[in-house]
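Working notes, beginning with the structure itself.
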Amino acid sequence: MKAKFCTYIAMILLMVLGVSCSDDFLEDKKQYKYYDEEFFKSEERVTWYVNNLYYDFYDGFKTPAAVVVGSFTTTQASYTEEIGGISAMINPNITLENAADGSGYFGKTLVENPSNDPYNRIRDINVMLERIDVDGANLSQTFRDQIKGQMYYLRAVQYFDLMRTYGGVPIVTTVQTPSKDDPAIKIPRATVTELVNQITADFDSAASLLPGKWPAGDYGRFTKGAALAQKARVLLTYASPLFNKSWDSSTARWDAALAAGLAAETELTSQGHGLYGTTARDWERMFYLNDNAFHPEAITVKLLASNANVTTSLQSNNSWERSIRLASQGGQGSGGVKAPKGMIDLFPMANGKRPTAANNYNSFLFFRDRDPRFYRTFGFSGSYWPYNNSLTTAAAPTVWAYRWSTNATTGVAFSMGNDVSSPAFVRKMSSPNVSNASNYQLSGTDILDYRYAELLLNIAECYAAKGDIANTTEYLGRIRKRVGIPATDNYGIGSLGDKYAALEACLYERRVELAYEGKRFWDVQRWMLYSDDASINDNTNSKLGIPVLNGTQRIGNYLHYKIGTSPAGTDPLATSRAAISVDPDAANFQAQITALAAFYTANFELRSPPTPMDNVGNVATPILWRSNYYMMGLNQSALVNNPWLTQTVGWKDGNGAAGTYIYQE
């Protein structure tokens with residue numbers, strides 16, 4: 001998503017360029033002064049300005065699990081089934097409702113400070129929009145249009161994340177002089193409808209001004225198709241139950257979201273976009289064969305340092321690889337991302353059917369006969385997981401993560417030093433070409449932020465909400481066909497009985513296809529899937545037949561050697577496992593799976609870890625998400641600096657009074 005205009009990080013470049021810039025660019029930006037008219041007469045300086053905005057928005061986007069522009073936190077993943085761990089938002093022992101507990105994302109909007117907050121970013125955008133056609137009238141119309149298109153896009157993206165965090169917020173589209181006293185800038189919170197209208201208008205403006213495709217040197221900047229796809233994402237959210245009381249009785253918002261999705265699909269297809277490849281191997285490779293060059297699946301992409309040239313931590317690097325690799329591979333900390341049992345049991349069978357006992361699913365031998373995406377999303381003991389400087393070694397880079405008892409009581413040791421309290425661990429979006437030098441810190445693998453597959457899933461969901469089962473099934477089938485699931489029985493989807501079954505099928509497919517890509521929290525939020533609560537018009541779990549998340553726990557298990565004990569330094573299976581390696585690209589993959597299943601059956605059992613995956617003070621703790629968390633309250637700082645703003649219903653203002661702003665319309 002960020003155009004890479006230098007191999008070094010953007011801020012360093014801007015500091016260097018600022019030395020020769022007579023306008024003292026950075027100082028003007030810091031002090032919120034108006035730029036003199038000469039600044040906007042230079043294409044070079046205007047481009048610097050735009051690049052700096054890309055930097056402010058997306059520099060923190062270094063892992064696909066991150067969400068929310070500007071801050072890019074990853075904690076939201078732990079609120080869902082994808083990753084375990086009890087934090088404040090899902091801790092049943094904590095109630096968050098006071099202004100002091102509200103989200104700080106809003107920032108200090110009307111005080112003079114140079115912080116990288118949403119409204120400071122919006123202000124920088126508004127400066128460019130107001131000045132480029134006036135002071136920059138000497139610049140070519142095409143250049144100015146492309147600059148404005150990027151500004152409208154960025155402003156819309158920023159307001160969308162504010163909307164997903166707070167509901168309606170003040171809409172500011174002109175440059176304001178920071179002040180606590182000027183009544184002209186005391187803008188109240190907009191309704192969600194007003195905000196959506198502004199966001200979609202900005203995306204429409206962006207689409208009318210941006211090119212369908214940029215020259216290679218500008219790849220990564222926003223395009224017309226990206227603007228249309230983002231508009232579709234916004235309208236899908238607006239149609240969802242979180243914001244739409246009439247989601248089940250009126251199709252007006254679903255119609256608008258569908259039209260936007262189809263328009264985006266048409267535009268993107270015309271520019272060479274589409275699902276990447278026709279096999280599960282292609283599906284895996286698409287996440288790392290995108291090194292700063294056009295990628296058909298990528299609607300928006302965060303470019304990072306080229307893997308071919310990455311040499312220093314000063315470059316913009318991908319932190320995901322470092323976080324998911326096991327300790328034996330040069331990983332950090334505990335080594336790897338442990339997959340909760342619910343995620344292991346989630347993926348379909350090889351024929352697309354749900355993993356049930358009736359469909360021959362065995363939760364102990366979980367790796368048998370699974371959806372091809374399973375083997376590209378998770379690793380497990382006995383699986384082949386290469387990295388570039390292991391490919392030339394005599395031994396295949398097969399990973400093992402089991403433990404054995406070293407005495408009759410509590411002593412344990414771990415194969416290859418991999419202490420992983422789950423029989424499976426995340427490997428999705430990993431590159432076999434990345435070196436483990438410096439613990440994978442220098443990974444330059446680009447991040448696919450918005451994939452063509454997500455757009456197809458958005459369209460499928462709109463069809464489902466409208467009761468169009470045939471088109472829902474067709475779009476879901478396209479997702480499954482690409483990875484090699486057989487076409488039988490609608491690629492395993494079966495016959496969807498009604499729109500509720502169709503919606504459930506869409507949400508299920510999103511959990512599989514988009515797992516660990518930072519999308520699940522937004523789906524849980526917009527469909528209000530933590531529980532049913534009539535007080536906020538929430539009955540989606542019962543409507544769709546989806547179990548609530550509240551009251552559940554993410555479960556971890558050690559893969560444990562079950563045949564006696566062995567001294568700490570002696571791996572009892574080091575010799576017998578040597579011939580075992582499972583590679584989904586191997587010609588004899590099924591034979592490898594059969595051999596691994598026999599090895600597991602003979603040697604392993606699952607044991608609960610001494611500390612539960614979800615715990616508070618080492619005590620097993622279920623998830624509890626309270627209904628007021630769906631829309632965060634403004635925090636104390638935002639309310640103090642903007643005292644005319646009302647607090648969100650379900651939260652208290654700075655004086656302890658109940659909030660009155662209603663986000664759901």
Longest principal axis of the chain (C-alpha) makes with the long axis of helix 499-513 (C-alpha) an angle, in degrees to the nearest 10, of 80 degrees
Accessible area (Å², per residue) of the chain, counting only protein heavy atoms and a probe of 1.4 Å: 36 Å²
Tell me the angle of helix 452-465 to the major Cα principal axis of the chain, expressed in degrees between 0 and 90 and rounded to the nearest ten. 90 degrees
May I ask you to give the percent of accessible area on the chain that is carbon plus sulfur, with a probe radius of 1.4 Å? 52 percent
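In debye, nearest 20, what is the charge dipole magnitude of segment 540-665 about its Cα centre with +1 on Lys and Arg Cβ and -1 on Asp and Glu Cβ, if you could check? Kindly include the intermediate steps, with their values, before the conclusion.
Working: 7 positive and 7 negative charges, 61 e Å.
Dipole size: approximately 300 debye.
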Dipole of the chain, positive end: most advanced residue of Y55, V399, V548 [Cβ charges, Cα centre]: V399
Treating only Lys and Arg (+1) and Asp and Glu (-1) as charged, each at its beta carbon, one finds that the chain has a dipole about its Cα centre, in Debye to the nearest 20, of 1520 debye
Please express the Cα-Cα pair-distance distribution P(r) of segment 410-454 as a list of whole percents, one per 10 Å bin, running from 0 to the bin with the greatest distance. 18, 35, 31, 13, 3
Heavy-atom accessible area of M128, protein chains in place, probe 1.4 angstrom, given in Å² to nearest 10, is 0 Å²
Can you bin every Cα-Cα distance in segment 40-195 into 5 Å intervals starting at zero and give me the percent of pairs per bin, rounded to whole numbers? 2, 8, 14, 18, 18, 15, 11, 7, 4, 2, 1, 0, 0
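Quick check on my link table: of K481/K519; K466/K499; K353/K481; K245/K466, which ones sit more than 18 Å apart, alpha carbon to alpha carbon?
On the way: K481/K519 22 Å; K466/K499 7 Å; K353/K481 14 Å; K245/K466 15 Å.
Going by Cα-Cα distance, K481/K519 fall outside the 18 Å limit.
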Of L596, G656, I580, which is farthest towards the positive pole of segment 558-665's charge dipole, taken about the Cα centre with +1 and -1 on the beta-carbons of Lys, Arg and Asp, Glu respectively? G656
Separation of alpha-carbon centers, segment 61-131 and segment 348-366, rounded to whole Å: 38 Å
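For segment 86-158, what percent of Cα pairs sit more than 21 Å apart?
Numbers: 1319 of 2628 pairs.
Counting pairs separated by more than 21 Å, the tail of P(r) holds 50 percent.
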Quote the Stokes-Einstein diffusion coefficient, in whole µm² s⁻¹, for segment 500-614, based on the Kirkwood radius over alpha carbon pairs, a temperature of 20 °C and a viscosity of 1.002 mPa s. 116 µm²/s
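Considering every pair of different Cα atoms, what Kirkwood radius, in Å, is found for segment 606-665?
14.2 Å
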Over all Cα pairs of segment 148-293, how is the pair count split among 10 Å bins, expressed in % and running from 0 up to the last occupied bin? 11, 31, 32, 19, 6, 1, 0
Sorted largest first, extent of the chain alpha carbons per principal axis (Å): 77, 57, 49
Report, in whole Å, the centroid distance computed from the Cα atoms of segment 526-557 and segment 640-655. 28 Å
Using only Cα atoms, find the angle between the long axis of helix 192-209 and the longest principal axis of the chain, and express it within 0 to 90 degrees, rounded to the nearest 10. 90 degrees
Mind pulling the per residue volume of the convex hull built on the Cα atoms of segment 393-535? Å³ is fine. 235 Å³
Quick check for me: using +1 on Lys/Arg Cβ and -1 on Asp/Glu Cβ, what's the dipole size of segment 403-483 about its Cα centre, in debye to the nearest 20? 260 debye
Listed residue (G168, L139, Q150) projecting farthest to the positive dipole end of segment 130-180, Cβ model: G168
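The values are calculated or read from the model by the stated rules, or taken from the named source; none is laboratory data. Quick caveat: nothing in here was measured; it's all calculated off a predicted structure. Neighbour counts run over all protein chains shown; Cβ positions are idealised from the backbone, glycine included. Accessible surface is based on the protein model in full, side chains and every heavy atom, while ligands, DNA and RNA are left aside. Shrake-Rupley method; radii C 1.70, N 1.55, O 1.52, S 1.80 Å.
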